[in-house]
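Enquirer: For reference, the structure I am asking about is given below.
The values are calculated or read from the model by the stated rules, or taken from the named source; none is laboratory data. Values in this document were obtained by computation on a predicted structure and should not be read as measured data. As a convention, Cβ positions derive from the backbone with ideal geometry for all residues, glycine included, and neighbour counts pool all protein chains shown. Areas reflect the complete protein model, heavy atoms only, side chains present, ligands, DNA and RNA absent. Shrake-Rupley method; radii C 1.70, N 1.55, O 1.52, S 1.80 Å.
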Amino acid sequence: MTEPTPTRHPNLAGIQRVAVLTSGGDAPGMNAAIRAVVRTAAFEGLEVMGVRRGFSGLHRGELKLIGPRDVANTIQRGGTILLTARSATWRTPEGRASGAQHLRDNGVGGLIVIGGDGSFHGAQLLEQEHGIPVIGIPGTIDNDLYGTDHTIGYFTAVETALDAVDKLRDTGASHERIFVIEVMGRHAGHIALDVAVAGGAEEVFIPEDDKPIGDVIQIVKDSVKKGKTGSIVIVAEGVPGGAQGVGDAIQAGTGLETRVSILGHIQRGGAPVSSDRILASRLGEAAVYALMDGVSGVMVGRHGSNIIHTPLHETWEKRKDVNRDLYRCAKKLSV
Ligand code: F6P
């Protein structure tokens with residue numbers, strides 16, 4: 001994580017119009033970030049073009065001016081009003097050249113990309129190949145980006161998953177069953193760990209760790225001996241074999257009735273909780289000021305209560321580890 005680069009990007013002098021897009025998996029709070037970009041820009045006398053369908057729409061020229069009234073009543077809405085996509089065409093030089101041309105044709109001086117590290121990769125290539133200033137805003141439920149304590153959408157996803165875990169606990173305890181619950185997180189266990197602690201789980205599996213299944217079988221057997229009426233095991237989707245693999249092994253190893261529940265995309269929807277709306281509002285504002293200050297090629301993030309800038313490439317080259325204290329806490333509290 002670094003301070004803003006002191007040198008002004010040469011293409012940002014006298015910037016009058018910026019563009020904003022959402023890319024990759026949607027995350028609750030993306031609309032709040034778009035709204036913050038549009039309204040901060042309006043406050044400063046800049047125009048904003050909204051790009052529909054992420055980089056897919058950009059290379060096809062799907063740009064439209066959006067003003068403060070166009071983002072009214074969106075702060076509380078999940079999903080993204082700009083639509084999102086994962087674009088194969090953007091991975092080609094031709095796709096990026098076409099997107100750059102559309103930005104130039106529309107007089108856009110800088111692009112704000114709300115998404116994850118894959119999206120930031122695409123943004124960096126646009127800057128390197130075509131000199132278009134870019135700023136990233138971290139928007140993904142996975143919270144797996146270096147350079148920010150939290151990503152937009154993460155808090156809401158944890159609440160959604162936790163609500164499901166609480167409900168599954170009711171039915172699991174009534175039937176004295178083991179429930180193995182899979183939460184999202186392709187490469188990261190942030191959601192899984194938070195949900196495990198907040199949901200009082202007996203065990204948690206995350207991609208960052210290689211836990212022997214035998215240990216878990218023993219833990220589940222012990223929990224029955226201790227008189228527990230049901231056990232919850234949380235598995236991040238990136239764990240090899242996923243929840244189904246863990247569930248099958250527990251059923252075979254303990255002989256106890258086991259059910260597997262994969263929460264899936266439900267975790268990406270719904271109204272953003274206040275923490276996501278506030279984070280998105282601050283980062284949307286910060287992204288506009290970064291461009292106005294002549295900064296490019298960074299992601300705006302929040303560390304503590306400070307806004308920080310991190311070079312885009314560090315967001316995928318460096319790793320944000322899970323909170324190991326939470327891991328230890330989860331273990332202790334499941335005695
Ligand atoms: O956005 C991140 C994420 O939700 C991951 O947790 C998950 O693995 C992936 O997106 C799912 O992507 P898709 O919506 O393309 O199936």
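Enquirer: Taking the residues in the stretch 11-26 that are of a type in the set (A, V, I, L, M, F, W, C) and part of a strand (DSSP E or B) as candidates, determine which candidate is farthest from the ligand (Cβ to nearest atom). Show your work before the answer.
Expert: Applying the first criterion (of a type in the set (A, V, I, L, M, F, W, C)) to the stretch 11-26 yields 12-13, 15, 18-21.
From what's left, part of a strand (DSSP E or B): 18-21.
Numbers: Val18: 24, Ala19: 22, Val20: 18, Leu21: 15 Å.
Ranking the qualifying residues of the stretch 11-26, first place goes to Val18.
Enquirer: Still on this structure: Do you know which residues across the stretch 270-287 are open to solvent by 30 Å² or more (accessible area, probe 1.4 Å) and either closer than 17 Å to Ile232 by Cβ or within 15 Å of the ligand (Cβ to nearest atom) (or both)?
Expert: Once the filter is applied, which keeps residues that are open to solvent by 30 Å² or more (accessible area, probe 1.4 Å) and either closer than 17 Å to Ile232 by Cβ or within 15 Å of the ligand (Cβ to nearest atom) (or both), the stretch 270-287 yields only Gly270.
Enquirer: Ok, one more. In the stretch 185-197, what residues are open to solvent by 20 Å² or more (accessible area, probe 1.4 Å) and within 11 Å of the ligand (Cβ to nearest atom)?
Expert: Here is the first cut: in the stretch 185-197, the ones open to solvent by 20 Å² or more (accessible area, probe 1.4 Å) are 186-187, 194, 197.
Correct list: Arg186, His187.
Enquirer: Of the residues that sit in the stretch 242-267 and are within 32 Å of the chain's Cα centre (by Cα) and more than 30 Å from Gly78 (Cα to Cα), which one is surrounded by the most Cβ atoms within 10 Å (Cβ to Cβ)?
Expert: Going through the stretch 242-267, the residues within 32 Å of the chain's Cα centre (by Cα) turn out to be 242-250, 258-267.
With the extra rule that they be more than 30 Å from Gly78 (Cα to Cα), the set shrinks to 245-250, 258.
Values: Gly245: 16, Val246: 27, Gly247: 23, Asp248: 15, Ala249: 17, Ile250: 24, Thr258: 22.
Applying the filter and picking the extreme gives Val246.
Enquirer: Related question: Collect the residues in the stretch 25-35 that are open to solvent by 10 Å² or more (accessible area, probe 1.4 Å) and more than 15 Å from Val48 (Cα to Cα), keeping them in residue-number order. Please lay out each step first, then the result.
Expert: Initially, the stretch 25-35 is screened for residues open to solvent by 10 Å² or more (accessible area, probe 1.4 Å), giving 25-26, 35.
Selection gives Gly25, Asp26.
Enquirer: I'd like the full set of residues that are in contact with a strand residue (DSSP E or B) (Cβ under 6 Å, 6 or more places away or on another chain) and either part of a helix (DSSP H, G or I) or of a type in the set (Gly, Ala, Ser) (or both), limited to the stretch 310-335.
Expert: Once the filter is applied, which keeps residues that are in contact with a strand residue (DSSP E or B) (Cβ under 6 Å, 6 or more places away or on another chain) and either part of a helix (DSSP H, G or I) or of a type in the set (Gly, Ala, Ser) (or both), the stretch 310-335 yields Leu312, Thr315, Ala330.
Enquirer: May I ask you to verify whether Ala123 is assigned by TED's automatic domain parsing to the domain that holds Ile278 and in a helix (DSSP H, G or I)?
Expert: For Ala123, the condition - assigned by TED's automatic domain parsing to the domain that holds Ile278 and in a helix (DSSP H, G or I) - is met.
Enquirer: Which is modelled with pLDDT under 95 and either open to solvent by less than 10 Å² (accessible area, probe 1.4 Å) or out of contact with any His (no Cβ under 6 Å at 6 or more places or on another chain) (or both), of Arg86, Arg96, Arg104?
Expert: Numbers: Arg96 fails: modelled with pLDDT under 95; Arg104 fails: modelled with pLDDT under 95.
Of Arg86, Arg96, Arg104, the one residue that is modelled with pLDDT under 95 and either open to solvent by less than 10 Å² (accessible area, probe 1.4 Å) or out of contact with any His (no Cβ under 6 Å at 6 or more places or on another chain) (or both) is Arg86.
Enquirer: Here is a list: Gly116, Gly67, Gly45. Which entry is touching a helix residue (DSSP H, G or I) at 6+ places or on another chain (Cβ under 7 Å) and assigned by TED's automatic domain parsing to the domain that holds Val295? Full working, then the answer.
Expert: Numbers: Gly116 fails: touching a helix residue (DSSP H, G or I) at 6+ places or on another chain (Cβ under 7 Å); Gly45 fails: touching a helix residue (DSSP H, G or I) at 6+ places or on another chain (Cβ under 7 Å).
It is Gly67.
Enquirer: Do we find that Asp166 is within 13 Å of Asp276 (Cα to Cα), acidic (Asp, Glu) and away from the ligand (no atom under 16 Å from the Cβ) in this structure? Give the derivation first.
Expert: On the way: within 13 Å of Asp276 (Cα to Cα): no; acidic (Asp, Glu): yes; away from the ligand (no atom under 16 Å from the Cβ): yes.
No.
Enquirer: While we're looking at this one, here's another question. Take the residues in the stretch 36-75 that are closer than 22 Å to Gly153 by Cβ and in contact with a Pro (Cβ under 7 Å, 6 or more places away or on another chain), then tell me which one is surrounded by the most Cβ atoms within 10 Å (Cβ to Cβ).
Expert: Val38
Enquirer: Failed condition for Ser296, given (1) out of contact with any Leu (no Cβ under 8 Å at 6 or more places or on another chain); (2) open to solvent by 10 Å² or more (accessible area, probe 1.4 Å), with all others met?
Expert: Evaluating Ser296 over (1) out of contact with any Leu (no Cβ under 8 Å at 6 or more places or on another chain); (2) open to solvent by 10 Å² or more (accessible area, probe 1.4 Å) leaves (1) as the failure.
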